[in-house]
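Heads up: the structure comes next, in structure tokens.
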Amino acid sequence: MQKNILFIALVLMMTSTLQLKAQSAKQDSTYKKYFIGSTLLLLGNFIPDDPNPPKFFQLNIGYRITPKDAVSFEFKKSVYSWPLGIPWGPSFDAPGLNYPGHARILAPTLAYQRFWWKGVYTSVHALNAFEKYTDGENKKIGNGYTLYLTYRLGYQLKFFKNRFFFEPSIGFTHWPIRTNVPESFKLVENKWPKYFGWEPGLHFGFNF
């Protein structure tokens, strides 16, 4: 499933070749203070015959403090069965390398975004994951908490006089706080780093 999501992300990023105006000046009539959106990674929910469907949902609500600075609240939920630090490649989501069960997360997230030049931006996201662990028979075996910090580099594309935007990005994630992981999950997770690189971002939204 994750390989398919990465493929979708790469295709969308490579085909986004429109030369559009970047971040608005405050006096621009198209400047909007608020936005709402999500991510195209939702398409991963529709991959047929996926053995580990993500059941992924994301909603973003944001406020532009200035034309160059924005803050947002993101709410996410999903299910995953692979070790957090396992890199892209043949091992990712491979049989025998996943958890002996699943983790379900509800994750309120705070983000800050800074535009530097035209549409180029960096952002930091603090995702608070409240996790429910289940075994291979879908029986609950514990609850946990993980703080994920993600640092992104991306570019904003604008459409229809700044009514809509699309933000392809790449991110680096690590988790400085992780508590109450079941021992059976730890045995799998300890084989991999406590960070994940090259995480695609495909945010889109509506300005108002």
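The values are calculated or read from the model by the stated rules, or taken from the named source; none is laboratory data. In this text, all values refer to a predicted model and were calculated from it rather than measured experimentally. Please note: Cβ atoms are built from the backbone with ideal geometry, for glycine as well, and neighbour counts cover all protein chains shown.
Just for the range 132-164: of the residues that are more than 30 Å from Lys33 (Cβ to Cβ) and aromatic (Phe, Trp, Tyr), which one is surrounded by the most Cβ atoms within 10 Å (Cβ to Cβ)?
As a first pass, look at the range 132-164 and keep what is more than 30 Å from Lys33 (Cβ to Cβ): 132-146.
Still in the list and also aromatic (Phe, Trp, Tyr): 133, 145.
Details: Tyr133: 20, Tyr145: 14.
Among residues in the range 132-164 that are more than 30 Å from Lys33 (Cβ to Cβ) and aromatic (Phe, Trp, Tyr), the one surrounded by the most Cβ atoms within 10 Å (Cβ to Cβ) is Tyr133.
Across the range 173-201, what is the total count of residues that are of a type outside the set (D, E, K, R), closer than 21 Å to Pro87 by Cβ, assigned to a strand (DSSP E or B) and in contact with a Leu (Cβ under 9 Å, 6 or more places away or on another chain)? Residues in the range 173-201 being of a type outside the set (D, E, K, R), closer than 21 Å to Pro87 by Cβ, assigned to a strand (DSSP E or B) and in contact with a Leu (Cβ under 9 Å, 6 or more places away or on another chain): 9 in total. Of all the criteria given as (1) under 17 Å from Gly85 (Cα atoms); (2) surrounded by 15 or more Cβ atoms within 10 Å (Cβ to Cβ); (3) among the acidic types (Asp, Glu); (4) out of contact with any Pro (no Cβ under 7 Å at 6 or more places or on another chain), the one not satisfied by Glu167 is (1).
Rundown of residues vs (1) touching a residue at least 60 places away in the same chain (Cβ under 8 Å); (2) out of contact with any Leu (no Cβ under 6 Å at 6 or more places or on another chain); (3) not polar (S, T, N, Q), yes/no style:
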residue: Gly44; (1), (2), (3): no, yes, yes
residue: Asn52; (1), (2), (3): no, yes, no
residue: Lys55; (1), (2), (3): no, yes, yes
residue: Ser78; (1), (2), (3): no, yes, no
residue: Leu84; (1), (2), (3): yes, yes, yes
residue: Ala94; (1), (2), (3): no, yes, yes
residue: Gly101; (1), (2), (3): yes, yes, yes
residue: Glu131; (1), (2), (3): no, yes, yes
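How about the range 40-82: which of its residues are among the β-branched types (Val, Ile, Thr) and modelled with pLDDT of 95 or more? Those that are among the β-branched types (Val, Ile, Thr) and modelled with pLDDT of 95 or more: Ile61, Ile65, Thr66, Val71, Val79. Of all the listed residues (Leu153, Leu127), the sole one being modelled with pLDDT of 95 or more, over 17 Å from Val79 (Cα atoms) and under 18 Å from the mean Cα position of the chain (by Cα) is Leu153.
Evaluate the range 87-105: report whether one residue or more is surrounded by 14 or more Cβ atoms within 10 Å (Cβ to Cβ), within 23 Å of Leu153 (Cβ to Cβ), at pLDDT 90 or above and of a type in the set (A, V, I, L, M, F, W, C). No, every residue in the range 87-105 fails to be surrounded by 14 or more Cβ atoms within 10 Å (Cβ to Cβ), within 23 Å of Leu153 (Cβ to Cβ), at pLDDT 90 or above and of a type in the set (A, V, I, L, M, F, W, C).
Consider the range 170-188 and keep the residues that are surrounded by fewer than 17 Cβ atoms within 10 Å (Cβ to Cβ) and of a type outside the set (Val, Ile, Thr). The one that is nearest to the chain's Cα centre (by Cα) is Phe172.
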